[in-house]
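See below for the structure under consideration.
The values are calculated or read from the model by the stated rules, or taken from the named source; none is laboratory data. Here the structure is a predicted model, which is why all the values come from computation and not from measurement. We place every Cβ from the backbone using ideal geometry, glycine too, and count neighbours over all the protein chains shown. The area values use the complete protein model at the heavy-atom level, side chains included, leaving out ligands, DNA and RNA. Shrake-Rupley method; radii C 1.70, N 1.55, O 1.52, S 1.80 Å.
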Amino acid sequence: MKKILVLGDIHANYPALQAIQNYVREYRFDRIINTGDFTVYGTFPNETIQWFRKRKKSVSILGGTDRRVLKILKGKKLKRPKKEEKRVMYYWTSENLRPDNVKYLQSLPRQTDFTIDNVRIGLFHGTFDNEDETLFASSPESRFRELAKGSTFQVHIMGHSHTPYYKIIDGVHFVNPGSVGRMFDGDPRAAFAILKLSSGEIAVEHFRISYPVEEVIKGLKKNRLPEIYAKMYRLGKKLN
Ligand SMILES: [Fe+2]
């Protein structure tokens, strides 16, 4: 049996990532997947990136926040987000990322795929044909059917919507692990998933675990970042 740890939308919340590491320490994973958005909102982008750099079995792609941070570092102007308190978080990240971690982010693709146990897996931040598409469990089934129709992958692993789900549509498996570090559903716990493959059988298990939220808040306070984000982490809700 092959086991894959599925992570995503960590948003520099290293305390949440560490809590997951601790929770799964008995497991041996064949791959560790990251659906992107390493950065922005938490103050631990370097620790988060290095965690993946250290793990040779990790497979990561860039998310929208990572792409925006790289854009700033290229000297380009950000069009979005428009809200000043959000922009501050992007600029703080771009100023505090270590050059070797910037280089690592620059080396990552926007989507990728691999085969394990004869199962072809595609990894996307949004969807197969739109990296900014936000697909929820409640999104129209017709959209999932459309993606399944054009797909050469048996499993699509996706992030961006920060909502955990697992669907099998027209024989294609769609997995979103939810967000490790920035919840939208009012439950502040970290989300992740484990994918198990065993001679063609595919199984997905979702987890929600507590982590020391106050560690994240300390990081925000220390760096004098907007108060609203402390509330966002404590409530597990998108507030702006
Ligand atoms: Fe995200």
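Among the residues of the stretch 134-145, are any at positive phi and either open to solvent by 20 Å² or more (accessible area, probe 1.4 Å) or at pLDDT 95 or above (or both)? No. Considering the stretch 1-103, the qualifying strands (runs of 3 or more DSSP E), each wholly inside and each with 1 or more residues that are open to solvent by 40 Å² or more (accessible area, probe 1.4 Å), run over 2-7, 31-34. For the stretch 150-166, a residue qualifies if it is in contact with a Pro (Cβ under 8 Å, 6 or more places away or on another chain), crowded, with 23+ Cβ neighbours inside 10 Å and not in a strand (DSSP E or B), and exactly one does: 159. Looking at 75, 64, just one residue is over 17 Å from residue 132 (Cβ atoms), small (Gly, Ala, Ser) and out of contact with any helix residue (DSSP H, G or I) (no Cβ under 7 Å at 6 or more places or on another chain), and that residue is 75.
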